[in-house]
Amino acid sequence: MNLKDTVKLANGVEMPRLGFGVWKVKDGDEAVNSVKWAIEAGYISIDTAAAYKNEEGVGQAIKESGVKREDLFVTTKLWNAEQGYESTLAAFDESLRKLELDYVDLYLIHWPVEGKFKDTWRAFEKLYKDKRVRAIGVCNFHEHHLKELMEDAEIAPMVNQIELHPQLTQEPLRKFCAENNIVVEAWSPLGNGKLLANPEIKEIADAHGKSVAQVILRWDLQIDVVTIPKSVHQERIIQNADIFDFELTEEEVAKISGLNKDERTGPDPDNFNF
């Protein structure tokens, strides 16, 4: 495996297994620099969202990176306030304008807004059929949300991006997604930084001469989860990608998975108010 390693989505599109996330990265220099550093370090997948308010900086970094557009995999997300059929189409146009791109590789519904996500999904299907997006998916959907969406959907979601880390392993949801050919992607893979002092993972990291962050990201890949760590520090961005020269044993993977407490750092998709 390496940074160019991909997983095949249900429609045959190849999605990188390790990407770069820009949640909480400020627009302007911080976004431009961190995305350029990531691309220089070899990342080909960049994950942003309308709600992060940094699509312009991400787009500028892509343009300045000198890397061909078709060699990158760009994800953005629709914010909750824009859900609904017509408003989704308008919001997508706005995201493309800010990113200065002709298409995105993956477009995601950010949260399952009750009573709206089905109409939103119809707009996603239109964008997909019009070849303005290469793949479509969702974020933060529980199994019951996915089932509800798929009752009427012509096209099933190809990706479900969820909070996932060693204290929230999401095994039943991962199993459901695997059975339905939906790729699972982890946001907040390091538990919002809270896991970096975990003694059990530290012990495994020391055994491999790696950092706790590197071990967690390697664990993601070994349990078949796509992962998108974020950082605004160049050395950390490079370090997070340096996870292809070692392998965790089955026992180590099981030990990390055994840390699960079903403990979230973010909101529960059944109970959010934004």
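The values are calculated or read from the model by the stated rules, or taken from the named source; none is laboratory data. Bear in mind that the values here come from a model prediction, so they are computed numbers and not experimental data. Neighbour counts are summed over all protein chains in view; Cβ atoms, including those assigned to glycine, are modelled from backbone coordinates with ideal geometry. We work out accessible area using only protein heavy atoms, side chains counted, and drop any ligands, DNA or RNA first. Shrake-Rupley method; radii C 1.70, N 1.55, O 1.52, S 1.80 Å.
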Legend entry - Unmet criterion (only one of (1) open to solvent by less than 20 Å² (accessible area, probe 1.4 Å); (2) not in a loop (DSSP other than H, G, I, E, B)) for Pro229: (2)
Inset, instruction - Mind listing just one residue for me: the one in region 47-69 that is over 19 Å from Ala91 (Cα atoms) and open to solvent by less than 40 Å² (accessible area, probe 1.4 Å) and, of those, farthest from the chain's Cα centre (by Cα)? - result: Ser65
Legend entry - Flag if Ile201 is closer than 22 Å to Leu3 by Cα and either β-branched (Val, Ile, Thr) or loosely packed, with under 15 Cβ neighbours inside 10 Å (or both): no
Inset, instruction - Check off (1) of a type outside the set (Ser, Thr, Tyr); (2) open to solvent by 10 Å² or more (accessible area, probe 1.4 Å); (3) in a helix (DSSP H, G or I) for Phe124 and give me the number that stays unchecked. - result: (2)
Legend entry - Residue list for region 246-270, restricted to those being crowded, with 16+ Cβ neighbours inside 10 Å and closer than 24 Å to Leu3 by Cβ: Leu248, Glu252, Val253, Ile256
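Taking the condition charged (D, E, K, R), open to solvent by 80 Å² or more (accessible area, probe 1.4 Å) and in contact (Cβ under 8 Å) with a residue 24 or more places away in the chain, does Lys194 pass? Explain how you work it out, then say what you get.
On the way: charged (D, E, K, R): yes; open to solvent by 80 Å² or more (accessible area, probe 1.4 Å): yes; in contact (Cβ under 8 Å) with a residue 24 or more places away in the chain: yes.
So Lys194 fits the description; yes.
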Inset, instruction - Read through the list (1) part of a helix (DSSP H, G or I); (2) of a type in the set (D, E, K, R); (3) open to solvent by 30 Å² or more (accessible area, probe 1.4 Å), then give the number of the only condition that Arg218 fails. - result: (3)
Inset, instruction - State whether one or more residues within region 20-32 are modelled with pLDDT of 95 or more, aromatic (Phe, Trp, Tyr) and open to solvent by less than 20 Å² (accessible area, probe 1.4 Å). - result: yes
Inset, instruction - Count, please, the residues in region 152-169 that happen to be open to solvent by less than 10 Å² (accessible area, probe 1.4 Å) and either part of a strand (DSSP E or B) or more than 26 Å from Leu18 (Cβ to Cβ) (or both). - result: 7
Legend entry - Residue within region 135-151 that is open to solvent by less than 50 Å² (accessible area, probe 1.4 Å) and at pLDDT below 95 present: no
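What residue, among those in region 197-228 that are aliphatic (A, V, I, L, M) and more than 23 Å from the chain's Cα centre (by Cα), is farthest from Asn260 (Cα to Cα)? Spell out the reasoning first.
Filtering region 197-228 down to residues aliphatic (A, V, I, L, M) leaves 197, 201, 204-205, 207, 212-213, 215-217, 221, 223, 225-226, 228.
When the remaining residues are screened for being more than 23 Å from the chain's Cα centre (by Cα), the result is 197, 204-205, 207.
Working: Ala197: 16, Ile204: 16, Ala205: 18, Ala207: 21 Å.
Here the answer is Ala207.
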